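Worksheet for the structure shown next.
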Amino acid sequence: MSRRTLIALVALSAALSSVLSGCADIPTTGDPETVKAQGAPAQSVPQVRVIAQGPRPADSQISIVSGFLEASGTTEEGFATARKFLTPDGSARWAAREITIYDQDEFSLVERTGDRVVLATRAVGRVDYQGVYLAESSKRAVQVSFQLARMGVDWRIASPPPGLLVSQQDFEREYRQIDNYFIARPPRTSVLVPDPVYTARTQVSPTARVESLLRGPSRWLSAVAMTAAPSGAELAEPVTILSGVALVRLTPESVPIEGVARDLMLAQIVMTLTQDPEINQVEIRAAGQPALSFGDAGNTTLRRQDVVPYLPADLRPPPPPAYFVRDGAAFTVGLGVSPGPLPAETELAEIAVAPGGVGLLAGISEDRTTLWTARADQPKELTVRARGVNLRSLSFDGDGDLWVVEGVARSTVVRRYPPTGEALRVASSGFEARQISRLRVAADGVRVAMVLDTIEGAQVYIAQASESASGLRIAAPRRMAAALSDPRSVDWADPGHLVVLAAPPNAQVQPFEVSLSGPIEPFAGTPPPGMTEVSVTFGQPAIAATKKNEIYRLREDGTWFKEGPGTAPTYPG
């Protein structure tokens, strides 16, 4: 819609939402049936290029402001057209780095007095200067002020608001999400950890992807993950693609001398580049030197399959069965239901199995006062690891460490139990342990997903799980899935996605796949009524429990099949 239409709407005191649909923004809440929410760009949006127009002689204040928003909603190099709406000093001060994403359906004019224009909207998300998406709580109300000044007879913006004000539609069109892959910090096992970031669609070339990777992890992830590339690593020349093979040429000093670090860097590059559907293999070399291979394998054309040893345990083959509890006994479900690994007389409330074939099991007694562990090859030889009150939320990481929540109210604590030895108490920062109603650790061991009780009700968060000489700590919680209400459970679907059991606005509780970069998608099919828990893992069907203590599994055709009575469904992890 043109700026003349905007002026007419303002004159009628109408909302600016449809007028500014050409401005950049992140998806928040979409259609209730699809629940495209909270900054979720539709990656299938056609590649339509929008060319912004500069100011015209004698444009009004409103026209200048709307033209600036239209132009800053594109990803033009340096926002050259947008800067034409600014005074020279205003352009020099304007840092177009961070993005505030607003709901274009809630956009209105608050004030227009001489040299000042104030607009009101609701922020649904932010993208920080590193491209990391941050959900906004309950659509935060914001007012945006534009101070204008005369340059001759024409109006220009002298004091633009910091950053970019971007609408959902423009964000979907102009920005793309990519995953950069980094390495879990010691003492955790060196596995790949995704770092989802948004970038302009003009900056998703293979060269731009590698350059982004070599800059290192985002500030949030850097506390628990690192790069294996040396400081100052860079490309010697742009990445080219030949018959599906990406040719990566690094400067000689960009290749680690030590073999383990070199292999980890290769894994980072291969995983990051093979997200591109045009790339199925990667050749990496330092300029003027032979191509590199993993270890002594000798194969210099690297594929995603070569990276399997560096993946978190929950992504390594073979695909695992699911587990649940029936009448206090453990059961597995794959092609059919069969007795599980722990003795039938154990009388369980929960079961947990370590991912990746580590061979460790754990269970909590029905009265939630006893924690047992066992080895998968000796499941009847149970070891009592703890006795306490309200033991819950069993969760294994890929190193075989068991995370447990224990206690009530202010006495609630999180503990991590190594395969052998004493448990370690896990400190918390940014929240209190008593707020935890559900906790699941990622297989990489450096991130946790939680349902926390807050003043706004139950909310989903991810947080860092770090380990140092001073101990273990869960810190820096980041809110996820703010568009969903009353989350009941959370689990890791894969390293970059959660499965959350929650309710969209005005609908029943159902499972959703939540990307760490923001998008929310409902699971296929009509969910069984009264779902209470859900679990899923990469490449396997979701498994759920209901209030009637029934177990369901999601079939490929989108229907939920009842497996029979049971509770506490889980996959390894």
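Restricting attention to segment 412-440, report how many residues are within 19 Å of Arg479 (Cα to Cα), part of a strand (DSSP E or B) and charged (D, E, K, R).
The total comes to 2.
Could you please give the count of residues in segment 492-532 that are buried (at least 20 other Cβ atoms within 10 Å of the Cβ) and either of a type in the set (Gly, Ala, Ser) or not assigned by TED's automatic domain parsing to the domain that holds Arg440 (or both)?
Within segment 492-532, residues that are buried (at least 20 other Cβ atoms within 10 Å of the Cβ) and either of a type in the set (Gly, Ala, Ser) or not assigned by TED's automatic domain parsing to the domain that holds Arg440 (or both) number 5.
Tell me, which residue of segment 538-549 that is assigned to a loop (DSSP other than H, G, I, E, B) and out of contact with any Asp or Glu (no Cβ under 6 Å at 6 or more places or on another chain) is nearest to Ala482 (Cα to Cα)?
In the first step, residues of segment 538-549 are kept if they are assigned to a loop (DSSP other than H, G, I, E, B); the result is 538-542, 547-549.
The next check asks that each one be out of contact with any Asp or Glu (no Cβ under 6 Å at 6 or more places or on another chain); those that pass are 539-542, 547-549.
Details: Gly539: 26, Gln540: 26, Pro541: 25, Ala542: 22, Lys547: 25, Lys548: 28, Asn549: 28 Å.
Here the residue is Ala542.
What tally of residues in segment 331-359 results from selecting those that are touching a Pro at 6+ places or on another chain (Cβ under 6 Å), without any contact (Cβ under 8 Å) to a residue 60 or more places away in the chain and assigned to a strand (DSSP E or B)?
Residues flagged as touching a Pro at 6+ places or on another chain (Cβ under 6 Å), without any contact (Cβ under 8 Å) to a residue 60 or more places away in the chain and assigned to a strand (DSSP E or B) within segment 331-359 amount to 1.
Does segment 82-89 include one or more residues that are modelled with pLDDT of 90 or more, in a strand (DSSP E or B) and crowded, with 16+ Cβ neighbours inside 10 Å? Spell out how you get there, then give the answer.
At the first step, the residues of segment 82-89 found to be modelled with pLDDT of 90 or more are 82-89.
Retained after the next criterion (residues that are in a strand (DSSP E or B)): 86.
Checking the rest, the ones that are also crowded, with 16+ Cβ neighbours inside 10 Å come to 86.
Yes, that holds for at least one residue.
Residues being closer than 19 Å to Glu422 by Cα and not in a strand (DSSP E or B): count how many of those fall in segment 360-373.
Here the count works out to 1.
Residue-by-condition table, conditions (1) at pLDDT below 95; (2) over 30 Å from Leu221 (Cβ atoms); (3) part of a strand (DSSP E or B); (4) in contact with a strand residue (DSSP E or B) (Cβ under 7 Å, 6 or more places away or on another chain):
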{"site": "Gly518", "(1), (2), (3), (4)": "yes, no, no, yes"}
{"site": "Gly525", "(1), (2), (3), (4)": "yes, yes, no, yes"}
{"site": "Pro528", "(1), (2), (3), (4)": "yes, yes, no, yes"}
{"site": "Val534", "(1), (2), (3), (4)": "no, no, yes, yes"}
{"site": "Ile551", "(1), (2), (3), (4)": "no, yes, yes, yes"}
{"site": "Gly558", "(1), (2), (3), (4)": "yes, yes, no, no"}
{"site": "Gly564", "(1), (2), (3), (4)": "no, yes, yes, yes"}
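If you go through segment 466-483 one residue at a time, how many are in a loop (DSSP other than H, G, I, E, B) and crowded, with 18+ Cβ neighbours inside 10 Å? Steps first, answer last, please.
Going residue by residue through segment 466-483, those that are in a loop (DSSP other than H, G, I, E, B) are 469-470, 481-483.
Retained after the next criterion (residues that are crowded, with 18+ Cβ neighbours inside 10 Å): 481-483.
Number satisfying all stated conditions: 3.
Which of (1) within 23 Å of Val337 (Cα to Cα); (2) outside any strand (DSSP E or B); (3) out of contact with any helix residue (DSSP H, G or I) (no Cβ under 7 Å at 6 or more places or on another chain); (4) among the polar types (S, T, N, Q) is the odd one out, the single condition Gln508 does not satisfy?
Of everything listed in (1) within 23 Å of Val337 (Cα to Cα); (2) outside any strand (DSSP E or B); (3) out of contact with any helix residue (DSSP H, G or I) (no Cβ under 7 Å at 6 or more places or on another chain); (4) among the polar types (S, T, N, Q), Gln508 misses just condition (1).
May I ask you to verify whether Val353 is farther than 16 Å from Val191 by Cα, surrounded by 19 or more Cβ atoms within 10 Å (Cβ to Cβ) and at pLDDT 95 or above? Before the answer, list the steps.
On the way: farther than 16 Å from Val191 by Cα: yes; surrounded by 19 or more Cβ atoms within 10 Å (Cβ to Cβ): yes; at pLDDT 95 or above: yes.
In short, yes.
Within 29 Å of Ala542 (Cβ to Cβ) and touching a strand residue (DSSP E or B) at 6+ places or on another chain (Cβ under 7 Å) - does that describe any residue in segment 275-285?
yes
Please name all residue pairs, on different chains or six or more residues apart, with Cβ atoms under 7 Å, provided the first residue is in segment 309-320 and is within 18 Å of Met265 (Cβ to Cβ) and the second residue is in a helix (DSSP H, G or I).
As it stands, the answer is Tyr310/Leu264; Tyr310/Ala267, since those pairs meet every condition given.
Given the options Ala135, Ala149, Ala96, Ala141, name the one that is among the small types (Gly, Ala, Ser) and modelled with pLDDT of 90 or more.
Values: Ala135 fails: modelled with pLDDT of 90 or more; Ala96 fails: modelled with pLDDT of 90 or more; Ala141 fails: modelled with pLDDT of 90 or more.
None of the other options fit; the residue is Ala149.
Of all residues in segment 114-148, which are hydroxyl-bearing (Ser, Thr, Tyr) and surrounded by 23 or more Cβ atoms within 10 Å (Cβ to Cβ)? Explain how you work it out, then say what you get.
Narrowing segment 114-148 to residues hydroxyl-bearing (Ser, Thr, Tyr): 121, 129, 133, 137-138, 145.
Within segment 114-148, Thr121, Tyr133 qualify.
Being surrounded by 19 or more Cβ atoms within 10 Å (Cβ to Cβ) and either aliphatic (A, V, I, L, M) or within 20 Å of Tyr198 (Cβ to Cβ) (or both) is the filter here, so list the residues in segment 159-169 that pass it. Reasoning before the result, please.
Just the residues of segment 159-169 that are surrounded by 19 or more Cβ atoms within 10 Å (Cβ to Cβ), to begin with: 160, 164-169.
Across segment 159-169, the qualifying residues are Leu164, Leu165, Val166, Ser167, Gln168, Gln169.
Conditions first: (1) under 25 Å from the mean Cα position of the chain (by Cα); (2) surrounded by fewer than 24 Cβ atoms within 10 Å (Cβ to Cβ). Glu111 passes all but one, so which condition is the exception?
Here Glu111 clears every test but (1).
Does any residue in segment 471-485 that is farther than 14 Å from Ala449 by Cβ come within less than 8 Å, Cβ to Cβ, of a residue that is of a type in the set (D, E, K, R) and part of a strand (DSSP E or B) six or more places away or on a different chain, and which pairs are these?
From residues that are farther than 14 Å from Ala449 by Cβ, the pairs are Gly471/Arg425; Leu472/Arg416; Leu472/Arg425; Arg473/Glu467; Ala482/Glu136.
Any idea how many residues of segment 411-433 are touching a residue at least 40 places away in the same chain (Cβ under 8 Å) and on the phi > 0 side of the Ramachandran plot? Write out each step before concluding.
The initial filter retains those residues of segment 411-433 that are touching a residue at least 40 places away in the same chain (Cβ under 8 Å), namely 414, 416-417, 419, 424-431.
Next, only the ones that are on the phi > 0 side of the Ramachandran plot stay: 430.
Qualifying residue count for the region: 1.
Inside segment 321-330, can you point out the residues that are part of a strand (DSSP E or B) and closer than 18 Å to Glu366 by Cβ? First the steps, then the outcome.
At the first step, the residues of segment 321-330 found to be part of a strand (DSSP E or B) are 322-326, 329-330.
Within segment 321-330, Tyr323, Phe324, Val325, Arg326, Ala329, Ala330 meet the criteria.
Mind checking whether some residue in segment 247-258 is in contact with a helix residue (DSSP H, G or I) (Cβ under 8 Å, 6 or more places away or on another chain), assigned to a strand (DSSP E or B) and modelled with pLDDT under 95? Steps first, answer last, please.
Initially, segment 247-258 is screened for residues in contact with a helix residue (DSSP H, G or I) (Cβ under 8 Å, 6 or more places away or on another chain), giving 248, 254-256.
Keeping just the survivors that are assigned to a strand (DSSP E or B) gives 248.
Checking which are modelled with pLDDT under 95 leaves us with none.
Among the residues of segment 247-258, not one is in contact with a helix residue (DSSP H, G or I) (Cβ under 8 Å, 6 or more places away or on another chain), assigned to a strand (DSSP E or B) and modelled with pLDDT under 95, which makes the answer no.
Scan segment 374-411 for residues that are assigned to a strand (DSSP E or B) and under 29 Å from the mean Cα position of the chain (by Cα) and jot them down.
Initial filter on segment 374-411 (assigned to a strand (DSSP E or B)): 374-375, 378-387, 392-396, 402-406.
Matches in segment 374-411: Arg392, Ser393, Leu394, Ser395, Phe396, Leu402, Trp403, Val404, Val405, Glu406.
Look through Thr300, Thr240, Thr227 and report the one residue that is among the hydroxyl-bearing types (Ser, Thr, Tyr) and either within 23 Å of Ser517 (Cβ to Cβ) or surrounded by 17 or more Cβ atoms within 10 Å (Cβ to Cβ) (or both). Talk me through it step by step, then tell me what you get.
On the way: Thr300 fails: either within 23 Å of Ser517 (Cβ to Cβ) or surrounded by 17 or more Cβ atoms within 10 Å (Cβ to Cβ) (or both); Thr240 fails: either within 23 Å of Ser517 (Cβ to Cβ) or surrounded by 17 or more Cβ atoms within 10 Å (Cβ to Cβ) (or both).
Step by step, each of Thr300, Thr240, Thr227 is checked, and only Thr227 is among the hydroxyl-bearing types (Ser, Thr, Tyr) and either within 23 Å of Ser517 (Cβ to Cβ) or surrounded by 17 or more Cβ atoms within 10 Å (Cβ to Cβ) (or both).
What are the residues in segment 329-346 that are surrounded by fewer than 18 Cβ atoms within 10 Å (Cβ to Cβ), farther than 19 Å from Tyr552 by Cβ and at pLDDT below 90, if any?
Ala344, Glu345
Out of all the residues in segment 484-505, which are farther than 27 Å from Leu192 by Cα and not in a strand (DSSP E or B)?
Going residue by residue through segment 484-505, those that are farther than 27 Å from Leu192 by Cα are 484-488, 502-505.
If the condition is that a residue be farther than 27 Å from Leu192 by Cα and not in a strand (DSSP E or B), then Leu484, Pro504, Pro505 are the ones that fit.
Those residues that are more than 12 Å from Ala442 (Cβ to Cβ) and touching a residue at least 40 places away in the same chain (Cβ under 8 Å), I need them from segment 179-194; list them, please.
Step one: filter segment 179-194 for residues more than 12 Å from Ala442 (Cβ to Cβ), giving 179-183, 185-187, 189-190.
If the condition is that a residue be more than 12 Å from Ala442 (Cβ to Cβ) and touching a residue at least 40 places away in the same chain (Cβ under 8 Å), then Asp179, Asn180, Tyr181, Phe182, Ile183, Arg185, Pro187, Thr189, Ser190 are the ones that fit.
The values are calculated or read from the model by the stated rules, or taken from the named source; none is laboratory data. Because the structure is a prediction, the values reported are computed rather than measured. Reconstructed Cβ throughout: ideal geometry from the backbone, glycine too, with neighbour counts over all protein chains shown.
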